[in-house]
1. Quick one: is L278 farther than 30 Å from R218 by Cα, in contact (Cβ under 8 Å) with a residue 40 or more places away in the chain, among the aliphatic types (A, V, I, L, M) and assigned by TED's automatic domain parsing to the domain that holds R333?
2. Considering every residue within the stretch 106-122, establish whether at least one is closer than 19 Å to I38 by Cα, assigned to a strand (DSSP E or B) and touching a strand residue (DSSP E or B) at 6+ places or on another chain (Cβ under 8 Å).
3. Give just the number: which of (1) aliphatic (A, V, I, L, M); (2) modelled with pLDDT of 95 or more; (3) in contact with a Gly (Cβ under 8 Å, 6 or more places away or on another chain) does L353 not satisfy?
4. Within the stretch 228-261, restricting attention to residues that are aliphatic (A, V, I, L, M), outside any helix (DSSP H, G or I) and in contact with a Phe, Trp or Tyr (Cβ under 8 Å, 6 or more places away or on another chain), which residue is farthest from R333 (Cα to Cα)?
5. Could you please give the count of residues in the stretch 309-358 that are closer than 19 Å to I260 by Cβ, surrounded by fewer than 19 Cβ atoms within 10 Å (Cβ to Cβ) and touching a residue at least 60 places away in the same chain (Cβ under 8 Å)?
6. Take R290 and decide whether it is surrounded by 15 or more Cβ atoms within 10 Å (Cβ to Cβ), out of contact with any Cys (no Cβ under 7 Å at 6 or more places or on another chain), assigned by TED's automatic domain parsing to the domain that holds M346 and not in a strand (DSSP E or B).
7. Just to be sure, is S257 assigned by TED's automatic domain parsing to the domain that holds Q240 and surrounded by fewer than 16 Cβ atoms within 10 Å (Cβ to Cβ)?
8. Among the residues of the stretch 242-265, are any free of Cβ contacts under 8 Å to residues at least 60 places away in the same chain and of a type in the set (D, E, K, R)?
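The values are calculated or read from the model by the stated rules, or taken from the named source; none is laboratory data. This one's a predicted model, so the numbers in the text were calculated from it and none came from an experiment. Quick reminder, even Gly has a Cβ in these numbers, built from the backbone with ideal geometry, and neighbours come from all protein chains shown.
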Amino acid sequence: MPLYEMTCDTFRPLDEASFADLKVRERYDLQRLLRSQIEVLGDDLYVLTEEFGEWEDSRRRIDLLAIDRQANLVVIELKRTNDGGHMDLQAIRYASMVSAMTFDRAEQIHGEFLTRSGLPAEEARERMLAFLGWEEPDEENFAPDVRILLVSENFGKELTTAVLWLRDRDIDIRCVRLRPYLDGEKRLIDVQQIIPLPEANEYQVQLREKESKERKKRAERFDEFLRFWEGLLVIARKRQTRHANIKPQIHHWLGASSGIRGLALNYGIVQEYSIAELYIDRGEATENKRIFDELYAQKEQIEARFGGVLSWERLDNKRACRIKSVIERGGYRSPESQWPEIHTEMVETMIRLESALKPALDALDV
């Protein structure tokens, strides 16, 4: 979208230009101006040095290295192109290279930068502490993270897609567009942070925090499932049941074949209770319902052999069917001290269910 001058009578569009047309250079123009006016990119930045590249086996250099108010390092990569090139890949390498930097090392390189700028190197510590609002250096809280700031005339789709993907994985990487315009002899720059949009940044941060908490909860739940099934399988092996050789899973169910294709003997758990079931799914609803109906016709005999009431679920609105027994004693959120008792009852229930169903299953026309 063009930039306009608003007069009393009209909006006058300004001529969009390019850094190449204006003969603006990366290092000797953009970098030189930004190192002394870094507030153009954000008021929470303080430049430590430029052209930093003091690592072995590499000639690569960070255009500008800064810190922010939270003492994070900020790698600033500049390009005057209209697609950003491969600056995202370069910046990721640089970020990893400086991630272990200490306050003392940052003070040292900042002192060298001040010397090259004609200022006393001895002021480096005082200037850094004043910016951070610290009274003394705090190594433990210095450089807890490394942010990446990509600055270019424009950004290509490949680069912006990569940046959005990295942000989804909690990498603090941003894109700032410097778009040049001409107004007669005047050269104007429109500075816009395009990723993330400032208006959406707080919402995106909240969304990422929510997703992070949900991922943590899922991981914790999967770990609980795994430990729960490990305990149950110990008992299944002792009793030499069908599930004896099944591996524990991170899901809420654990199954083994009944010996008939599509008919599985499953354990299931939720927070407060567990189940043992015959799950019927041979891939076709009509056949599943036929098998269920044949078994249901023997309901009284099956429940008599089982020694209790079963839940018969034809599930007419779904393809599969199930016959199950609910174990009310508890589920995976019950205290772990109770798990052995729950496991024992689940295995005993499954043994009874399989035994009760066996004559009817053997007689099925499948």
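1. no
2. So far as the stretch 106-122 goes, no, none of its residues is closer than 19 Å to I38 by Cα, assigned to a strand (DSSP E or B) and touching a strand residue (DSSP E or B) at 6+ places or on another chain (Cβ under 8 Å).
3. Looking at each condition in turn, L353 falls short on (3).
4. The selected residue is L254.
5. Number of matching residues: 1.
6. yes
7. When the stated conditions are applied, S257 passes them.
8. Yes, that holds for at least one residue.
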